[in-house]
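What follows draws every value from the coordinates through simple rules; no lab data is involved. Here the structure is a predicted model, which is why all the values come from computation and not from measurement. Cβ atoms come from the backbone with ideal geometry, glycine included; neighbour counts cover every protein chain shown.
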Amino acid sequence: MRKQRSTEVFRITGARRGLDEDVRSRQRRYVISMLVRTLAVILAVALWNVERYVAIGCLVLGVLLPYVAVVIANGGRENAGSLPSTHLPPPARPMIAPATVPGGAESGARSTNFEHPGPPHGRS
């Protein structure tokens, strides 16, 4: 039996990112956060005797950043807020024009004297 290859391609515009791509982006954010933390701790050690207040700020950043990085990394997948709607609106109905009265109606008064078209289906 031969497998038939489908040439038809479907595009899903409202789909979320793939799981591999999502995990990769979270790992990238975590690594960047840890690099910033490492730089903050190195700055804290280097500036301890030079600029004590800056060193303490860097040390606080180095202590708090791992917690924030882990919370952000484990936050889960993004919300799919822009999914296309599955509800199709009903087709638009054409607007019916107002009836015109033969012979012209006077200043807003409606005439109810219409001619009857005759019996249906050509019967006399």
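Data table
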| quantity | calculated |
| --- | --- |
| Signed unit charges on C-beta, dipole axis of the stretch 22-73, positive-most listed residue Gln27, Val45, Gly62 | Gln27 |
| From phi via Karplus (6.51, -1.76, 1.60), per-residue ³J(HN,Hα) for the stretch 46-63 in Hz, x at Gly/Pro | 5, 9, 4, 8, 9, 10, 4, 5, 5, 5, 5, x, 5, 5, 4, 4, x, 7 |
| Two-decimal log10 I(q)/I(0) for the stretch 22-73, as the Debye equation yields it once each C-alpha is a single scatterer, q = 0.17, 0.21, 0.23, 0.31 Å⁻¹ | -0.51, -0.67, -0.75, -1.05 |
